[in-house]
1. Among the candidates Phe194, Phe207, which residue alone is surrounded by 13 or more Cβ atoms within 10 Å (Cβ to Cβ), in contact (Cβ under 8 Å) with a residue 12 or more places away in the chain and farther than 19 Å from Leu466 by Cα?
2. Checking Ser455 against (1) surrounded by fewer than 21 Cβ atoms within 10 Å (Cβ to Cβ); (2) at pLDDT below 75, which test does it fail?
3. Please go through (1) without any contact (Cβ under 8 Å) to a residue 12 or more places away in the chain; (2) among the hydrophobic types (A, V, I, L, M, F, W, C); (3) not in a helix (DSSP H, G or I) for Leu484 and return the number of the only condition it doesn't satisfy.
4. Could you list, in sequence order, all residues of the range 223-243 that are among the β-branched types (Val, Ile, Thr) and either over 37 Å from the mean Cα position of the chain (by Cα) or surrounded by fewer than 11 Cβ atoms within 10 Å (Cβ to Cβ) (or both)?
5. Could you tell me whether Ser447 is open to solvent by 10 Å² or more (accessible area, probe 1.4 Å), over 30 Å from Ile159 (Cβ atoms), among the small types (Gly, Ala, Ser) and at pLDDT below 80?
6. With the checklist (1) modelled with pLDDT under 90; (2) open to solvent by less than 50 Å² (accessible area, probe 1.4 Å) in hand, flag the one item Ser356 doesn't pass.
7. Out of all the residues in the range 144-154, which are touching a residue at least 60 places away in the same chain (Cβ under 8 Å) and either surrounded by fewer than 14 Cβ atoms within 10 Å (Cβ to Cβ) or farther than 13 Å from Leu478 by Cβ (or both)?
8. Of all residues in the range 465-498, how many are open to solvent by 40 Å² or more (accessible area, probe 1.4 Å) and of a type in the set (Gly, Ala, Ser)?
Amino acid sequence: MGSTEEDTTTSKPTSLYDAASSTEPLLFKPTTGSAYPSPPIEEPPQSGPSESDPTQSLQISFNYGPRPFKDLPFLILFLLFVLCTFAFGIFSIFHRNDNYSNVSAFTYDSNSTSCVQDTSFLSSQLWVSETSFFALSSSSLWTYLVWTLVITSVLSVPICLLLLLLLKHYTKQIVYVLLPFFIIMPVFFDVYWFVACTLSSSCSDAFPLVYRILVLIFILLIVGVIVWIIVANWHRIELTVRIIGVASDALSRNLGLFLVIPLLTVGLLAYYASIVVFLVFSRFNGKIVAKESNGEYTCVWKQDSWVPAYFTLAILTMLWSLTSMVEAQVYVTSGTIAQWYFSKDDTKPHRSIRRSLRNAFGPSSGTICLSGLLVFVVRVVRAAVDSAREEDVPGIVNLVLRCCVNALMSAIDFLNKFTINFAAITGEAYCTSARMTYELLRRNLLSAVFVETVSTRLLAGVIFVLSSVYAIAVCAILKGVSDLGVNMYTVAALAWVLLILVLGFFVHVLDNVIDTVYICYAIDKDRGEVYKHEVHDVYFQLPISRNSRSSYPSRTLDV
């Protein structure tokens with residue numbers, strides 16, 4: 001079956017490269033395998049058509065064939081960061097000084113002009129620490145908290161699958177039923193907190209009436225903003241509902257992503273754990289020395305000079321690894337969904353996830369590292385700009401610099417939006433994918449900066465309502481089976497945070513599916529073909545320009 005599948009997929013006329021023209025640039029229009037006849041070419045074949053010719057069209061589909069390695073310098077640079085982090089981390093473990101935690105047990109000896117250890121203080125501190133930990137472990141609050149979080153983690157899996165099933169078949173009903181709760185839930189919690197805090201003597205003493213009223217009004221103003229957002233985007237809600245339904249259907253046909261994507265996250269956490277261990281042991285590299293102050297000597301810990309530099313290296317490696325892993329998850333999701341999209345039948349292609357993983361951590365690993373590096377740099381620069389804005393430094397030069405930096409960061413975000421999605425489909429390098437994505441969308445009169453933000457906001461509201469209902473249920477159960485008192489609100493709040501994080505991860509994957517289907521639709525439109533009729537029935541209604549409300553069709557959409 002494996003060989004049969006590879007033979008059938010590579011022989012499709014929708015492949016990215018022809019056997020006779022695999023060395024030609026991707027923007028050059030192939031002479032065979034076209035979906036429609038090619039226009040006559042006046043120039044000699046060896047010169048090739050001009051890239052600026054608007055009559056050209058890209059013959060793009062999922063590249064099932066072998067892919068060459070792209071953006072290798074950035075992969076090598078990333079591996080160099082990782083190897084240095086692990087090499088110095090292992091060195092820090094074997095070079096550690098176990099006396100780091102016992103600095104207070106050392107006293108200065110004037111005879112030897114050095115610090116010597118006093119063992120009586122160490123034993124008493126160890127006994128106090130063990131006693132405190134035992135008391136914490138035996139508390140009822142800790143027991144109920146652990147069990148609540150464990151049960152929430154287990155229940156989050158069927159909740160995600162059930163939500164996906166409901167969004168696939170009953171998208172319109174789910175959205176319109178939960179839409180009023182986007183307003184009811186915040187108002188309910190706001191009023192409930194105000195009344196409960198007023199009736200509680202300890203809370204009312206901590207928050208005077210004026211502060212409680214200010215908090216109440218502030219939350220109501222936020223709710224007013226939510227109402228305004230819903231009203232302002234009402235003309236897009238029905239179209240957004242259909243987009244969510246199409247994406248949910250695509251994701252439901254590739255349920256293996258719900259196993260692979262979390263496993264990639266678990267792998268990242270294990271990778272992080274090892275670096276955190278290295279950071280902890282790196283602090284043990286140093287020695288206890290005597291320090292003179294006002295004629296008196298005390299014993300202090302002096303770190304080795306390389307430790308601060310290692311902290312910087314390890315933190316940069318962790319941040320780059322985080323953004324690269326996020327881009328790798330987008331790559332795997334896009335590659336898997338694209339294979340389903342470009343399959344002629346409705347069945348899921350064989351080994352689609354395995355092929356996407358092999359491409360992501362193989363030929364396209366350098367592209368993912370480059371994309372992760374750009375995202376990382378954008379986040380760091382924007383954080384620095386926001387920090388400078390909070391300091392409110394006066395001067396026209398500072399204002400101009402901030403505007404220039406924001407414009408540059410926006411341009412990079414614009415460039416990076418669909419680049420990884422396109423690279424997952426074609427296997428091209430980062431810069432080539434960015435340029436070709438822009439040309440593809442521009443040529444087909446589609447917005448290159450289109451993001452269906454309404455779908456993200458609707459899904460965020462849905463998971464907020466579901467998580468809030470779950471937190472209320474947890475609070476009611478804890479009130480009936482435990483005597484935690486006010487602490488039950490803390491346990492319920494932590495359960496709410498855990499569930500909303502899991503559901504937020506589900507929304508993140510669904511957003512990637514929406515972007516991938518959008519790119520696949522643009523490729524279909526560029527080729528003049530229709531692989532998935534249900535997708536074309538929805539995505540053809542997308543606006544040419546998101547700034548023109550009149551570009552939406554005026555007729556009613558049937559879901």
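1. Phe194
2. Of everything listed in (1) surrounded by fewer than 21 Cβ atoms within 10 Å (Cβ to Cβ); (2) at pLDDT below 75, Ser455 misses just condition (1).
3. So the condition that Leu484 fails would be (1).
4. Val225, Val231
5. Yes; evaluated as a whole, the condition is true for this residue.
6. (1)
7. Within the range 144-154, just Ser153 meets the criteria.
8. The qualifying residues number 5.
The values are calculated or read from the model by the stated rules, or taken from the named source; none is laboratory data. Only a predicted model underlies this, so the values are computations on that prediction, with no experimental measurement involved. Backbone-built Cβ (ideal geometry, glycine too); neighbour counts: all protein chains shown. Only protein heavy atoms, including side chains, enter the accessible area calculation; ligands, DNA and RNA are left aside. Shrake-Rupley method; radii C 1.70, N 1.55, O 1.52, S 1.80 Å.
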